[in-house]
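The values are calculated or read from the model by the stated rules, or taken from the named source; none is laboratory data. Everything numeric here is computed off the predicted structure, so don't read it as measured data. Don't worry about glycine lacking a Cβ; one is built from the backbone with ideal geometry, like all the others, and counts go over all protein chains shown. Ligands, DNA and RNA are stripped out before the accessible areas are found, and what is left, the full protein with its side chains, is counted by its heavy atoms. Shrake-Rupley method; radii C 1.70, N 1.55, O 1.52, S 1.80 Å.
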Amino acid sequence: MNLRWDEFIITGDPLILGAQISIVLASIAIVGGLTYFKKWRWLWTEWITSVDHKRLGIMYILAALLMLFRGGVDALLMRTQLAAPNMELLNSQHYNEIFTTHGTIMIIFMAMPFLIGLINVVVPLQIGARDVAFPFLNNLSFWTFFVGAMLFNISFVIGGSPSAGWTSYMPLATNELSPGPGQNYYLLGLQIAGIGTLMTGINFIVTIFKMRTKGMTLFRMPMFTWTSLITMVIIVFAFPVLTVSLALMTFDRLFGTAFFTLHDGGMPMLWANLFWIWGHPEVYIVILPAFGIFSEIITTFARKTLFGYKAMIASVVLISVLSFLVWVHHFFTMGSGALVNSFFSITTMAIAIPTGVKIFNWLFTLYKGRIRFTVPMLWALAFIPNFVVGGVTGVMLAMAAADYQYHNTYFLVSHFHYVLIAGTVFACFAGLVFWYPKMFGHKLNERIGRWSFWIFVIGFNVCFFPQYFLGLDGMPRRVNTYLPEEGWFSLNALSTVGAFMMGIGFMIFAYNIYYSFRHSKRETSGDCWGTGRTLEWATSSAVPPFYNFAVLPEVKSIDAYWKTKEDGIETQQKKDYKKIHMPNNSALGFLMSVCLGIAGFGLVFHWYWIGLVGGILTLLCMTYRSFQEDDGYYVPVEKIQETEQKASAK
Amino acid sequence: MAHEVMNENEPLEYQSETGRLNILGFWIFLGAEIALFSTLFATYFVLINRTAGEIMPGELFELKLVLIMTFLLLTSSFTCGLAVHELRNRNTKATIAWLIVTVLLGMGFVGFEIYEFAHYAHEGATLSTSAFWSSFFVLLGTHGLHVSIGICWIIMIMIQIKRRGLTPKTSSKVFISSLYWHFLDVVWIFIFTGVYLLGMVK
């Protein structure tokens with residue numbers, strides 16, 4: 001592809017020019033700040049090369065918050081464009097690009113990394129482990145995700161964004177209908193990030209099966225660990241399908257194969273099937289850990305054991321199986337025939353059964369509980385009714401016959417935002433607030449937290465509830481404007497107001513992080529909320545030291561830490577420390593991911609020699625890793641004593 | 001990260017905890033590989049009749065060539081098993097010797113596959129000829145790429161055994177690469193029946 005320089009960088013649009021200027025200014029500020037405060041070495045040794053699961057988790061969450069900001073700005077631009085008929089803020093191409101990046105970023109680069117970040121921080125602590133099974137791989141997973149996300153994001157200013165929707169349906173995403181490099185960014189960004197996700201899946205399955213502390217049987221594991229385990233199983237079986245689908249489309253676009261084309265025997269519907277065979281389980285990859293987070297928060301602040309623990313596990317397993325059997329409901333109207341539609345209609349509705357079981361279990365857990373209305377609990381309580389609204393409309397959509405009426409309207413848009421925001425985003429906020437003291441040693445301010453909660457939740461309903469009615473009024477999704485005669489103005493305007501309220505809620509949330517960093521009281525107790533039930537609250541300090549537990553805890557029942565408090569057992573024996581084996585930090589995961597990113601960037605522009613160089617460098621990194629003799633190191637007993645004393649004296 | 005607890009009663013590759021974790025992790029990775037190849041097979045079978053009036057598989061497939069490739073790969077799986085057998089006997093030289101035989105057989109397989117692809121391309125069947133040939137080359141190519149990576153990987157492991165001897169660490173690497181190698185054999189059996197035999201019958 002012969003690109004001229006003025007085509008390489010996107011120019012001529014005032015919105016993008018603004019973004020470019022702010023990117024440059026932010027970069028200068030970051031580089032300048034790090035240099036001024038002499039933090040480069042700290043950044044490199046403490047964070048970039050770190051193999052500590054808690055640090056990696058924090059980096060995942062930070063990246064996810066950044067992506068939430070970008071995806072949120074996309075959303076606000078779209079809502080502004082739709083606020084009134086005949087708006088001219090975004091032209092149709094720009095609108096297409098923005099809803100494509102909004103969808104992709106929110107699912108792949110926001111929801112999943114946010115949850116994986118929380119899983120990284122919490123799961124090893126919950127099962128009483130010192131780290132994950134493969135700490136180096138964990139670092140590599142993070143960096144491949146991050147490089148994939150950055151590769152996807154630079155499409156905004158270099159070469160042009162993808163514009164075929166986050167589903168990238170063929171033949172819309174072919175070279176003919178989506179010319180330019182935009183779609184290649186989608187393919188390679190997701191491919192590189194997907195490698196990291198698969199490795200995370202393997203890593204946590206092995207971690208949860210093999211790294212549990214003494215007495216932590218499978219049926220004593222906390223609910224969040226259970227849902228994480230099942231999520232990782234879904235990842236391992238679903239992500240290879242995405243890998244192949246993306247590779248096949250990459251071949252179609254780069255090397256002229258005919259998998260999904262309209263000529264030479266290709267089959268566009270094959271893409272729709274492959275995409276959703278991965279894409280539907282993906283929905284559960286981002287909702288099951290959220291269920292786990294709500295379970296933890298509800299039991300902690302209702303001060304009761306989870307009602308129907310085993311029924312919860314059974315329902316999660318059942319959901320994971322069903323998640324692979326429903327993909328055709330994404331294209332009921334694309335000519336599958338009555339029998340096929342009926343089958344997928346029934347399997348889709350069947351998912352409501354185990355989900356309903358879970359909802360009732362949460363309600364019964366709350367029943368007669370001594371509820372404390374903390375900020376995480378507020379998010380968890382708001383989740384239940386809002387998620388039910390999303391779920392019930394989902395069952396409406398699951399009826400294939402009725403779906404002919406709703407499909408591709410705002411009814412659908414509202415449905416999946418109700419389940420994904422009320423489910424996943426509420427869970428991300430709830431989980432972050434809940435475990436924040438575990439990560440940073442202080443709580444987020446509760447008063448500011450409540451403000452951001454109420455504004456966000458009310459804004460969410462103001463934004464999306466009207467969209468059900470817009471959908472029933474026939475407003476199609478993916479349109480960039482509409483006419484006054486169509487009568488969609490007032491509900492759209494209302495919806496836009498709600499969207500901006502959500503934006504304000506998020507900004508208050510972000511301000512709370514800054515405010516609490518400056519003013520919040522430092523926590524000295526490990527059990528910061530006072531009603532912790534699981535092992536992550538049993539570590540000796542508010543910020544757990546790098547080895548997590550000086551002495552590995554022993555578990556005798558479900559809700560292990562709650563039980564030890566009830567029995568009045570001292571959780572941390574102060575003596576009898578033994579040396580602890582820990583892994584070394586490594587720069588290789590970062591370097592390998594950067595090489596992959598170079599290869600991906602080359603392929604985006606059909607610059608095969610750059611792709612080749614990046615690929616060879618990646619293989620060299622892998623070879624180096626294979627020959628590396630890195631057996632980690634031992635933390636001596638004196639160091640453990642010193643660390644523990646410092647932690648308890650704070 | 002795991003403690004290095006040695007357990008003398010276990011086979012060498014299971015003696016360190018890192019070895020045990022790596023082996024379990026690799027089994028799960030093979031689960032993902034099954035999903036990957038299943039998707040490629042599904043694509044192949046969906047597109048099997050979509051030759052767009054171009055050259056048909058039955059016109060090109062040759063039983064003799066495919067049988068030689070099958071023989072080479074299945075034998076290499078057997079010799080790979082012998083290498084692990086010698087690994088259990090702690091016989092460094094014999095382990096390396098059988099691994100060398102395995103790698104040579106694998107190289108023979110890849111060589112024939114390259115010849116085959118070049119031959120097909122010469123006859124007019126390439127990646128972009130039709131949907132059928134796209135899926136054929138990508139399915140076979142993915143398998144062939146896996147075999148090639150396996151060859152490089154086993155060579156690196158041999159160098160490591162040569163340098164460090166049979167330790168729990170190196171032997172778990174041998175064991176894991178043998179799992180990988182056998183897996184590729186199983187995939188080939190599906191390719192042999194599903195792609196070649198079926199293609200010749202049609």
- So which residues in region A:265-282 are small (Gly, Ala, Ser) and either more than 9 Å from chain B (Cβ to nearest Cβ) or part of a helix (DSSP H, G or I) (or both), if there are any at all? A:ALA272, A:GLY279
- Task: Specify the residue that is farthest from A:GLY503 (Cα to Cα); the eligible residues are those in region A:419-456 that are of a type in the set (Phe, Trp, Tyr) and either part of a strand (DSSP E or B) or open to solvent by 20 Å² or more (accessible area, probe 1.4 Å) (or both).
- Result: A:PHE440
- Query: If you take the residues of region A:126-141 that are open to solvent by less than 10 Å² (accessible area, probe 1.4 Å) and in a helix (DSSP H, G or I), which of them is nearest to the other protein chains (Cβ to nearest Cβ)?
  - Reply: A:PRO135
- Among residues of region A:170-190 being part of a helix (DSSP H, G or I) and either small (Gly, Ala, Ser) or within 16 Å of the chain's Cα centre (by Cα) (or both), the residue surrounded by the most Cβ atoms within 10 Å (Cβ to Cβ) is A:GLY189
- How many of the residues making up region A:250-264 are at the interface with another protein chain (Cβ under 9 Å from one of its Cβ atoms) and surrounded by fewer than 18 Cβ atoms within 10 Å (Cβ to Cβ)? 3
- Across (1) open to solvent by less than 20 Å² (accessible area, probe 1.4 Å); (2) over 30 Å from A:LYS214 (Cβ atoms); (3) modelled with pLDDT of 95 or more, A:VAL123 clears everything bar (2)
- Query: For region A:266-280, how many residues meet the condition of being out of contact with any Phe, Trp or Tyr (no Cβ under 6 Å at 6 or more places or on another chain) and buried (at least 23 other Cβ atoms within 10 Å of the Cβ)?
  - Reply: 3
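Restricting to region A:398-418, give me the number of residues that are surrounded by fewer than 23 Cβ atoms within 10 Å (Cβ to Cβ) and in contact with a helix residue (DSSP H, G or I) (Cβ under 7 Å, 6 or more places away or on another chain).
So the answer is 10.
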- So which of A:THR104, A:THR45, A:THR11, A:THR100 is open to solvent by 40 Å² or more (accessible area, probe 1.4 Å), in contact with a helix residue (DSSP H, G or I) (Cβ under 9 Å, 6 or more places away or on another chain) and not hydrophobic (A, V, I, L, M, F, W, C)? A:THR11
- Six or more apart or on different chains, Cβ under 8 Å: which pairs go from a residue in region B:124-151 that's more than 8 Å from chain A (Cβ to nearest Cβ) and at positive phi to one that's surrounded by fewer than 20 Cβ atoms within 10 Å (Cβ to Cβ) and not in a helix (DSSP H, G or I)? Could you list them? B:GLY124/B:GLU54; B:GLY124/B:ILE55
- Hey, among the residues in region A:216-249 that are under 30 Å from A:LYS310 (Cα atoms) and open to solvent by 30 Å² or more (accessible area, probe 1.4 Å), which one's nearest to the other protein chains (Cβ to nearest Cβ)? A:PHE237
- Do we find a residue being in the same structural domain as A:THR300 (by the TED database), part of a loop (DSSP other than H, G, I, E, B), touching a helix residue (DSSP H, G or I) at 6+ places or on another chain (Cβ under 8 Å) and of a type outside the set (A, V, I, L, M, F, W, C) anywhere in region A:355-370? yes
- Note on the structure: Restricting attention to region A:303-322, the residues that are more than 15 Å from A:LEU229 (Cα to Cα) and surrounded by 19 or more Cβ atoms within 10 Å (Cβ to Cβ) number exactly 5
- Does A:ILE610 fit the bill of being surrounded by fewer than 18 Cβ atoms within 10 Å (Cβ to Cβ), under 30 Å from A:GLY180 (Cβ atoms), more than 14 Å from every other protein chain (Cβ to nearest Cβ) and without any contact (Cβ under 8 Å) to a residue 40 or more places away in the chain? yes
